[in-house]
Amino acid sequence: MLGYVLRRLVATIPVVIVVAVVVFSLARLAGDPASVIAGENATAEQIAQIRNRLGLDQPLLVQFARWSWSIAHGDLGVSIFTNTPVAQLIVQRIGPTFSLAVVTIVLAILLGIPSGVLAAVFVRRVPDRVIMMLAVAGFSIPIFVLAYLLILGFAISWPILPVQGYTPLARGVLPWLGNLILPGLALALVYAALIARTTRAALLDVLAEDYIRTARAKGLLPREVVWLHALKAASVPIATVIGIGIALLVGGAVVIETVFAIPGLGRLTVDAIARRDFPVIQGVILLFSGIYVLINLLIDLSYTWLDPRVRFT
């Protein structure tokens with residue numbers, strides 16, 4: 001296994017390099033931060049002075065080489081506007097985003113896996129059709145629409161949950177969870193739809209296997225056959241979808257944190273893009289890319305625990 005892990009880590013190096021080039025290029029396409037800093041009434045000379053001070057007047061290859069050298073030494077740079085190290089900004093904002101991700105994952109798993117199992121058990125019957133219809137709706141409705149519908153239902157029509165803001169966990173579990181239920185549910189509904197469909201498809205394949213029919217013939221209860229035998233055998237594709245979904249939460253977090261005014265990494269990214277703050281944009285997206293690569297590696301490593309038949313080569 002150690003050799004496999006080392007090979008996977010080495011294989012991620014080209015991926016990280018490509019990601020770094022793409023992130024650097026996309027940040028430059030966002031616009032000129034010198035114009036934003038100088039203001040609308042600034043002269044061309046003032047803008048040129050700011051570009052010179054920030055090093056933006058140098059060739060792109062020189063800028064990329066300097067940034068890559070800093071990244072290799074663990075330095076994500078300094079925010080152009082706040083003059084705060086990017087690493088410090090990330091540490092300040094990672095708590096709300098991590099909390100939102102945890103609540104979303106838990107809700108999505110609690111909603112998605114039982115729904116998928118129920119749909120597979122009652123395949124082509126009313127529960128299956130209703131669940132798959134809701135899953136399609138979860139895929140089709142944009143996240144921000146779901147967010148506003150939840151706000152309308154549980155914060156305006158029935159004001160039982162807060163609409164905006166974030167309460168740190170140190171101030172209590174209930175206040176912390178109260179601020180995260182609505183945004184977490186908005187993300188989880190989309191995520192649970194994917195888990196439910198994958199669980200249903202994987203479980204149907206397993207339930208058609210000979211050893212499942214043998215287990216039923218031996219007199220095992222239906223719930224034992226499904227939950228103790230079939231679901232474990234179908235867990236590999238389900239775990240893959242869950243892991244990939246965790247990485248894909250990044251895109252949804254940007255929208256949800258903006259709608260619910262959560263001061264997380266998604267909100268930090270939106271603000272940085274609006275101000276053309278290159279170091280912050282590059283640092284946050286590079287962090288998200290690294291998390292995505294790490295999660296995919298952990299998914300591969302989990303296969304031997306979920307299915308002993310899997311061998312690393």
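Could you list, in sequence order, the residues of the range 266-285 that are farther than 22 Å from Leu150 by Cβ and open to solvent by less than 30 Å² (accessible area, probe 1.4 Å)?
Leu268, Thr269, Ala272, Asp277, Phe278, Pro279, Val280, Ile281, Gln282, Gly283, Val284, listed by residue number.
I'd like the full set of residues that are closer than 26 Å to Leu297 by Cβ and either without any contact (Cβ under 8 Å) to a residue 24 or more places away in the chain or of a type in the set (D, E, K, R) (or both), limited to the range 219-247.
Lys232
Of Phe122, Phe139, which residue is under 17 Å from Gly252 (Cβ atoms) and either open to solvent by 40 Å² or more (accessible area, probe 1.4 Å) or at pLDDT below 90 (or both)?
Just one listed residue meets the conditions, Phe139.
Somewhere in the range 229-242, is a residue open to solvent by 30 Å² or more (accessible area, probe 1.4 Å), at pLDDT 80 or above and more than 23 Å from Val106 (Cα to Cα)?
No, the range 229-242 contains no residue that is open to solvent by 30 Å² or more (accessible area, probe 1.4 Å), at pLDDT 80 or above and more than 23 Å from Val106 (Cα to Cα).
Considering only the range 31-129, give the helices (runs of 4 or more DSSP H) lying wholly within it that have at least 1 residues that are under 30 Å from Leu185 (Cβ atoms) and of a type in the set (D, E, K, R).
Counting at least 1 such residues, we get 86-121.
Run Glu257 past the list (1) open to solvent by 60 Å² or more (accessible area, probe 1.4 Å); (2) under 16 Å from the mean Cα position of the chain (by Cα) and report the number of the one that doesn't hold.
Failing condition for Glu257: (1).
Look through the range 153-170, keep the residues that are open to solvent by 90 Å² or more (accessible area, probe 1.4 Å), in a helix (DSSP H, G or I) and without any contact (Cβ under 8 Å) to a residue 12 or more places away in the chain, and return whichever of them is farthest from Leu182 (Cα to Cα). Walk me through it before giving the result.
As a first pass, look at the range 153-170 and keep what is open to solvent by 90 Å² or more (accessible area, probe 1.4 Å): 156, 158-160, 164, 169-170.
Then drop every residue that is not in a helix (DSSP H, G or I), which leaves 156, 169-170.
Subsequent filtering for residues that are without any contact (Cβ under 8 Å) to a residue 12 or more places away in the chain retains 156, 170.
On the way: Ile156: 12, Ala170: 20 Å.
For the range 153-170, the residue satisfying everything is Ala170.
Report, ordered by the first and then the second residue, all pairs with beta carbons closer than 6 Å, sequence separation of six or more or different chains, a first member in the range 278-304 that is among the hydroxyl-bearing types (Ser, Thr, Tyr), and a second member that is modelled with pLDDT under 80 and not in a helix (DSSP H, G or I).
If the second residue must be modelled with pLDDT under 80 and not in a helix (DSSP H, G or I), the pairs left are Tyr303/Val310; Thr304/Val310.
Only one of Val259, Val280, Val254, Val293 is modelled with pLDDT under 80 and under 30 Å from Val78 (Cα atoms). Can you tell me which?
Just one listed residue meets the conditions, Val293.
Within the range 203-213, take every residue that is in a helix (DSSP H, G or I) and open to solvent by 70 Å² or more (accessible area, probe 1.4 Å) and give me the one that is farthest from Pro237 (Cα to Cα).
The qualifying residue farthest from Pro237 (Cα to Cα) is Arg213.
Do we find that Leu29 is open to solvent by 70 Å² or more (accessible area, probe 1.4 Å), of a type outside the set (Val, Ile, Thr) and at pLDDT below 90 in this structure?
Working: open to solvent by 70 Å² or more (accessible area, probe 1.4 Å): yes; of a type outside the set (Val, Ile, Thr): yes; at pLDDT below 90: yes.
Taking the combined requirement at face value, the residue satisfies it.
Evaluate the following for Thr313: is it modelled with pLDDT of 80 or more and open to solvent by 50 Å² or more (accessible area, probe 1.4 Å)?
Against the criterion (modelled with pLDDT of 80 or more and open to solvent by 50 Å² or more (accessible area, probe 1.4 Å)), Thr313 does not qualify.
Run down Leu189, Leu146 and say which single residue is within 19 Å of the chain's Cα centre (by Cα), surrounded by 20 or more Cβ atoms within 10 Å (Cβ to Cβ) and within 17 Å of Ile262 (Cα to Cα).
Matching residue, one of Leu189, Leu146: Leu146.
Only residues that are among the hydrophobic types (A, V, I, L, M, F, W, C) and open to solvent by less than 50 Å² (accessible area, probe 1.4 Å): list them for the range 125-136, please. Working first, answer last.
Residues of the range 125-136 among the hydrophobic types (A, V, I, L, M, F, W, C): 126, 130-136.
Selection gives Ile131, Met132, Ala135.
The values are calculated or read from the model by the stated rules, or taken from the named source; none is laboratory data. Being a predicted model, the structure only gives us computed values, none of them experimental. Backbone-built Cβ (ideal geometry, glycine too); neighbour counts: all protein chains shown. Quick note on the areas: whole protein, heavy atoms, side chains included, nothing else; ligands and nucleic acids left out. Shrake-Rupley method; radii C 1.70, N 1.55, O 1.52, S 1.80 Å.
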